[in-house]
Amino acid sequence: GIAACIFDLDGVIVDTAVYHFKAWKRLANELGFNFTAAQNEKLKGVSRVRSLELILEWGGIQKSAAEQQELATRKNEWYVDMVHHMTPEEILPGAKELLESLRAAGIKTALGSASKNARVILEKVDILSLFDVVVDGNMVAASKPDPEVFLKGAEALGVAPERCVVFEDAIAGVEAGKAGGMKVVGIGEKDVLHEADLVVSGLHEIDLQTLTNLYNSK
Ligand code: G16
Ligand code: MG
């Protein structure tokens, strides 16, 4: 059966996208252009450096590599300030319950996030101890849809990819899980995450039986 579950962070365990949005919007406004919620959607699961490149492109602005570095750092400082005020109430419905039932069932758990701030976020919402392994943006070279982040998670857990289930809200993340040879549960909408093996609206819809059925399918 299933030996491990690997979770994306933003959009699966917590909704940090709202804080990314506020920080990127502030940066865009300081640079003299607007940044919309629709644009923020496109940055889900995308690395900080790549996100800035896209935002500058959308704003029609060019910056040197050194300036980009400074802008990314400035945005991250605002973001980290907000993240430091996060509380356990911000854990998305069903996430903690699922992690606890997985542990009770002897199924291993990992985080697989593009964020370099993943660990501090898990600490702030007091859920870090429910993950056996944390793979974050500091540990991977290739961004999703490359499967590296999830394969590193499986490897660190000592579990074959075929026996892992990935939970992801971003298209690139779903693709990464499939590219890694894992079962993928999409969190969001079916017509958006069509590559996923199963799509649900949140982790509250997942129990051990759902996972067993998923593993035995196809
Ligand atoms: C998250 C967010 C992205 C963010 C990325 C990097 O990915 O969805 O919007 O740009 O992390 O975050 P940071 O600037 O903290 O390194 P994930 O993989 O957790 O969904
Ligand atoms: Mg995500």
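All of the numbers you see were taken from the coordinates with simple rules; none came from a lab. Owing to the predicted nature of the structure, the values given are computational and were not obtained by experimental measurement.
Counting each DSSP H run of 4 or more residues in the chain as -39500 (n - 2.57), what helix-only mean residue ellipticity at 222 nm follows after dividing by all residues, to the nearest 500 deg cm²/dmol?
Mean residue ellipticity at 222 nm (helix-derived): -13000 deg cm²/dmol.
Return one quarter of the surface area of the convex hull spanned by the alpha-carbon atoms of the stretch 67-160, equal to its mean projected area, in nm². Write down the numbers at each step before the final one.
Numbers: hull surface 28.2 nm².
Dividing the Cα hull surface by four gives the mean projection, 7.0 nm².
Where both partners of a DSSP beta bridge lie in the chain, what percent of those bridges are antiparallel, to the nearest 5?
In the chain, approximately 5 percent of DSSP beta bridges are antiparallel ones.
Could you give P(r) for the stretch 108-218, binned at 5 Å from zero, as whole percent values over all Cα-Cα pairs?
Answer for the stretch 108-218: a P(r) of 2, 13, 22, 24, 24, 12, 3, 0 percent.
For residue 178, go through the lysines and keep the ones whose alpha-carbon is under 30 Å away, minus same-chain ones fewer than eight residues off.
42, 44, 96, 108, 116, 144, 152, 190, 218
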